[in-house]
Amino acid sequence: MEMVLLTALGVGGATVIGAIIGFIFKKISHKFSDIVLSFAAGVMLAAAVLGLVIPSLDYGGKYGLVVTVIGIFAGALCLNLVDKLVPHLHKLMGSDTEVHNNANLSRVLLFVTAIAIHNLPEGIAAGVGFGSGNTSQALLIAGGIALQNIPEGMVIIAPMLAVGVTPRKTFICAAITGVVEVIGTLIGYFAVSVASVILPFALAFAGGTMLYVVSDEMIPETHAHGNERGATYALLVGFCLMLICDVLLG
């Protein structure tokens, strides 16, 4: 349990680290942001497949394939529904949106709220990984999500400061999005621990949410500013790094 709690704090704290970087470097280039986010996308892609989808097949027994496929689509459809209610990242802010006045405050706050809402299923994915009992795979999943949270924390800062939100309140808002992820991690862990029978579906569901985030949000965002080639190689580096870690830790 201590490992789960520490990891939950680490996953949520990654958003805070990103926010601190955002304060230090208020003008982060699209190229740098795309490379970092693509690397995180590769890490999350590998974590979803190696740490969630494949274990779902292993734990599913006779009907493992059916349960896994249904779980993946259920996770993706869940986030798709969330997107319809509260659009996220590039959909809400636009690729090159700059905020200039207080009239845009509500839009920026909606943007931050959207990140917080999306962080909940990502946190659940980390918690479900620990519920499987495989600590090394769970840490890989949590590491992938944490890496993705750093650039998210970075992009929160500049728009909020631009519309007149004080640095203190901006930091608090960023921290809250991280707290949501901590809560999600604990929910995922306890849900699977209490009802281990749902583990195969829960693993696939969590994998589906991560695959959805990578395909629907992270890759389009990193390919929207003319840095497609670098972003693609950064994704491959992230994926292969996780593959190497999985083999060495396995």
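Values as computed for the structure displayed
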read-out: Unique residue being at pLDDT 90 or above and crowded, with 16+ Cβ neighbours inside 10 Å when the list is Val43, Val53; value: Val53
read-out: Looking only at the stretch 61-81, and only at residues there that are over 18 Å from Gly123 (Cβ atoms) and open to solvent by less than 20 Å² (accessible area, probe 1.4 Å), the one that is modelled with the lowest pLDDT; value: Gly64
read-out: Complete set of residues in the stretch 207-221 that are open to solvent by 40 Å² or more (accessible area, probe 1.4 Å) and in contact with a Cys (Cβ under 8 Å, 6 or more places away or on another chain); value: none
read-out: Qualifying position, being open to solvent by 70 Å² or more (accessible area, probe 1.4 Å) and within 30 Å of Leu161 (Cα to Cα), among Ile20, Ile35; value: Ile20
read-out: Of all residues in the stretch 132-145 being open to solvent by less than 20 Å² (accessible area, probe 1.4 Å) and in a helix (DSSP H, G or I), the one that is farthest from Glu181 (Cα to Cα); value: Ala138
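The values are calculated or read from the model by the stated rules, or taken from the named source; none is laboratory data. Since we're looking at a predicted model, the values are computed, not measured. Virtual Cβ from ideal backbone geometry, glycine too; neighbours counted across all protein chains shown. Ligands, DNA and RNA are stripped out before the accessible areas are found, and what is left, the full protein with its side chains, is counted by its heavy atoms. Shrake-Rupley method; radii C 1.70, N 1.55, O 1.52, S 1.80 Å.
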